[in-house]
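The values are calculated or read from the model by the stated rules, or taken from the named source; none is laboratory data. Since the structure is predicted, the reported quantities are computational estimates derived from the model, not experimental observations. Please note: Cβ atoms are built from the backbone with ideal geometry, for glycine as well, and neighbour counts cover all protein chains shown.
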Amino acid sequence: MEVQTQTEVQQAPFVKRSALLYKLKKNKLTMVGAVILGVIILAALFAPLLTPYNPNVIDAANKFQGPSWAHWFGTDEVGRDIFTRILYGARLSLGLAIVAIVIAAIVGLMIGTVSGYFGGYIDQIIMRTMDMILAFPTLILAMALAAALGPSIQNAMIAIAFVKIPVYVRLARSETLSLRESLFVKSAQTFGIHPFRIIRKHIMPNSVSPVIIQGTLDVGDAILLIATLGFLGLGAQPPAPEWGAMISIGWKYLLDFWWYPTFPCLFLFLSAGALNLMGDGIRDVLDPRSSR
Amino acid sequence: MTKMIFKRLLLLVFVVFGVTLITFILSNIIPGDPASMMAGQRANQETLEQVREQLGLDQPILTQYANYMQGLLTGDLGTSIRTQKPVLDDLIIFFPATLELAILAFFIAIIIGIPLGILAAVKKNTFWDHASRIFTISGISTPVFWSGLLVIFIFYGVLGWFPANGRIEMQVNPPTHVTGLYLLDSLLSGDWVAFQSSLRHILLPAIVLSFAQLAIITRQVRASMLEVLEKEYFRTAIANGINGPYLLIKYGLRNALIPTITVIGVSFGALLGGAVVTETVFGWPGMGKYVVDSIAYLDFPAMMGFTVFISIGYVLINLIVDLSYYVLNPQIKE
């Protein structure tokens, strides 16, 4: 009997994970999102193989060409191929969004676990500070930070990471509060293990999964934020092929050369939409209440 | 309830204090020099020093911050480097335009979002539900500038139905100033021409701005309606022969509204952020456009003033949202 119980316990995570994947696969819209995102990521990775052009080389003779076989999405005001720039821009837009969220998640996890583990004054101060940041419109805080740091793509990324931190702090803290009372933490305390070692070895690994899930949900939002900062002139600066920066120049030509702002916008919409569809699917599977 | 209002107002003080502190510290490492921006490129060292002194930039950062906070308490947000006028005066001039746009967008989002959410919940897993899901996903995935550009391209570029810039036609006199909201003012003064012109101007940006919030509201109404539809009292109502809109509104919507209101309050932040972009795209002369123009000039007092203004507004809106719970559900006491 005992042996049987043990195998059951060991199998449980495996069964759970495959059930999760199965449910995700059953959700058609989620799969559509995954496929769209996969294609965009592959295209970004293999950009040099997919296009013969360089994203930054100026070719004034070919400026404002409409979409054709030579230039699928047309060319911009100095003759650069827009398709090429979108592919290389995907590296910037997606890459920076992911890095921003990873930074926010790691910092949030560290602050949240410490806050939850120690409680008391430390917890109060940290959580009230987080409330303060949360009590502020995300985009406007990111704008203020990016403007204060000076417009550049790294600073836009830092600004976005900063405004996203409180969400992860709250998540990690609430996980820590319940972990703190669990037997393995209590016994570790009895052995006199240093609190930071307990946090690092026992609390963090066990509170990381909700943080990862929240992270996947947030990447789509981060892509839009980066592009919006770029559009407002607070993110990537021309001639970087970042989507928001391309649109911020391109939209002035909208009525005469519709393809210039339209295609970067379309890709921005597709990647954010794909990520949101996937996030929706994950949420449905994990929280059955929302999908009923 | 008084306790809650007091706590919120205390938070407001902290928000303003914290946000100004963070922005202030960060601005200390700003690469550009606002003084040289103001004095012009050909200014010599002496003039630069003078301007710096005039702006208080020669003092240590903490003194600068203390001075700023002191001014803030008396309603002095400093002088804009770009317009050379007090920031507060500038913001008061631009505020009504933003307010008018935000209010209209908010109403569009509610008027369409709530029925759409109910429809999606009642017709769960049918064509209507899927359509509303695709609609809401595109709502939160579409950057405001893209929906703005699309709308301008179609309704201004191709069809030519609506203007794409400003609040009112150049030839039309703005209505007599009462509230600063053109639609309201022109109605109050019976100025039909001005009303028509400002309505034509505000419609496109308001629709674009409402899109994201509309999506959030629809989604929330659907989720909370689904929950209510399975409650005992709802089934009892059906069993008692109650049906139609009365059933859905009195028994369904009213109970689904509390979580929705929370989301509406939170999403107001997205609306304010969206207003900055919408105003830029449509050349709408509001606070958002003011701040974007200021950024290009490294006009720090203007940016700070805007940030403080918005943070106060946002916390107050969320306070109103919390107070509305008491109206909706008398059971909630403390």
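Before moving on, here are some points about what is shown:
- Residue count for segment A:109-121 satisfying the condition of being under 17 Å from residue A:168 (Cβ atoms) and either of a type in the set (A, V, I, L, M) or free of Cβ contacts under 8 Å to residues at least 24 places away in the same chain (or both): 4.
- Helices (runs of 4 or more DSSP H) enclosed by segment A:1-51 - at least 1 residues per element that are modelled with pLDDT under 70: A:2-26
- Qualifying residue in segment B:29-41 (condition: at pLDDT 70 or above and assigned to a helix (DSSP H, G or I)): no
- Test for residue B:228: is it over 19 Å from residue A:138 (Cα atoms), free of Cβ contacts under 8 Å to residues at least 60 places away in the same chain and surrounded by 17 or more Cβ atoms within 10 Å (Cβ to Cβ): yes
- Subset of segment B:136-167 that is modelled with pLDDT of 85 or more and of a type in the set (Gly, Ala, Ser) - its residue that is nearest to residue B:121 (Cα to Cα): B:147
- Among residues of segment A:132-147 being at the interface with chain B (Cβ under 7 Å from one of its Cβ atoms) and under 22 Å from residue B:321 (Cβ atoms), the one that is surrounded by the fewest Cβ atoms within 10 Å (Cβ to Cβ) is A:138.
- Any hit, segment B:302-322, residues being more than 9 Å from chain A (Cβ to nearest Cβ), over 30 Å from residue B:89 (Cα atoms) and modelled with pLDDT under 80: yes
- Entry remark, segment B:280-317: residues being over 18 Å from residue B:82 (Cα atoms), among the small types (Gly, Ala, Ser) and surrounded by 21 or more Cβ atoms within 10 Å (Cβ to Cβ) number 1 in total.
- Residue A:224 vs. criteria within 14 Å of the chain's Cα centre (by Cα) and touching a residue at least 12 places away in the same chain (Cβ under 8 Å): yes
- Verdict on residue B:155 being touching a residue at least 40 places away in the same chain (Cβ under 8 Å) and either more than 11 Å from chain A (Cβ to nearest Cβ) or of a type in the set (Val, Ile, Thr) (or both): yes
- Residue match in segment A:109-123 (condition: in a loop (DSSP other than H, G, I, E, B) and modelled with pLDDT under 90): yes
- Against the list (1) out of contact with any Lys or Arg (no Cβ under 8 Å at 6 or more places or on another chain); (2) buried (at least 24 other Cβ atoms within 10 Å of the Cβ); (3) more than 10 Å from chain A (Cβ to nearest Cβ); (4) of a type outside the set (Ser, Thr, Tyr), the condition residue B:247 fails is (2).
- Output for segment B:70-87, where each listed residue is surrounded by fewer than 21 Cβ atoms within 10 Å (Cβ to Cβ) and either assigned to a helix (DSSP H, G or I) or without any contact (Cβ under 8 Å) to a residue 40 or more places away in the chain (or both): B:70, B:71, B:72, B:73, B:74, B:75, B:76, B:84, B:85, B:86
- For residue B:296, the conditions (1) under 30 Å from residue B:166 (Cα atoms); (2) facing another protein chain (nearest Cβ under 8 Å); (3) of a type in the set (Gly, Ala, Ser); (4) in contact with a helix residue (DSSP H, G or I) (Cβ under 9 Å, 6 or more places away or on another chain) are fulfilled apart from (4).
- Among (1) touching a helix residue (DSSP H, G or I) at 6+ places or on another chain (Cβ under 8 Å); (2) facing chain A (nearest Cβ under 10 Å), the one test that residue B:260 misses: (2)
- Within segment B:124-159, tally of residues that are within 23 Å of residue A:277 (Cβ to Cβ) and outside any helix (DSSP H, G or I): 5
- Top-ranked residue in segment B:130-141 [being touching a residue at least 60 places away in the same chain (Cβ under 8 Å) and farther than 15 Å from residue A:271 by Cα; ranked as nearest to the chain's Cα centre (by Cα)]: B:136
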